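Step one of this worksheet: look at the structure below.
The values are calculated or read from the model by the stated rules, or taken from the named source; none is laboratory data. Owing to the predicted nature of the structure, the values given are computational and were not obtained by experimental measurement. So basically every Cβ, Gly included, is an ideal-geometry build from the backbone, and we count neighbours across all protein chains shown.
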Amino acid sequence: MAVINSATREMQFKIVYYGPAMGGKTTNLLQLHDHVPVPQKDKNKLVSLATSSDRTLFFDFLPIEAMAIKGFKTKIQVYTVPGQVIYDATRKLVLRGVDGIVFVADSQYEKMNENVESFENLEENLKSIELPLTDLPYVLQYNKRDLPTAAPLEYIEFLLNDRDVQVPSFPAVAQRCEGIFESLNMITRMLLSKYIPRLKLVARCA
């Protein structure tokens, strides 16, 4: 859950990148690490554990300091989960305390079943920690739009975003840093919109 510290005037969010194996979750974090303007002394704060079969074994973690809102400095912790099913227990562990989700789908036709299965797995794992997806801000990122086997956006939208309340979605080519910041900026704005009223209450009580 978001942490709002009135003493230090800081608020902290946890954003988790979820999706099928090799879909581009870790590439998102690598691009953020390379392009977010942070002091050089903080550039070593990206943690990535890799295996031969998947880019990430446990999680990637990258802290980002964003703008100040209502006098509170915003800090964002960005994680990814392993895409492989055998690491489902780790996915649940990483999801604990999550504030927002970026679901990274692989746009290739042959990956559609994996996208749907991963999204359903996200919903199941959130329910297991008593946090329904409907109560959580999230966005969809459709990665690998540059590949010749990429499915039409309308088709992916039908599979993943055909709901009573549709969420923001973004085409992306993570390797070229396209759609990366649009996805992060949107989920951050959604979180700020959710928690800014609490900042006003904290300010009045301080």
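Structure data summary
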{"quantity": "Selection from region 70-102 of residues that are touching a residue at least 60 places away in the same chain (Cβ under 8 Å) and more than 14 Å from I15 (Cβ to Cβ)", "calculated": "K70, G71, F72, K73, P82, G83, Q84, R91"}
{"quantity": "Scope region 135-191; condition on the phi > 0 side of the Ramachandran plot and either buried (at least 17 other Cβ atoms within 10 Å of the Cβ) or among the basic types (K, R) (or both); matching residues", "calculated": "K144, G179"}
{"quantity": "Filter result (within 18 Å of I187 (Cβ to Cβ) and either assigned to a strand (DSSP E or B) or at pLDDT below 95 (or both)) within region 104-124", "calculated": "V104, A105"}
{"quantity": "N125, sole failed condition from (1) in contact with a Lys or Arg (Cβ under 6 Å, 6 or more places away or on another chain); (2) closer than 23 Å to F170 by Cα", "calculated": "(2)"}
{"quantity": "Any hit, region 66-85, residues being among the polar types (S, T, N, Q), at pLDDT 65 or above, in contact with a helix residue (DSSP H, G or I) (Cβ under 8 Å, 6 or more places away or on another chain) and surrounded by 16 or more Cβ atoms within 10 Å (Cβ to Cβ)", "calculated": "yes"}
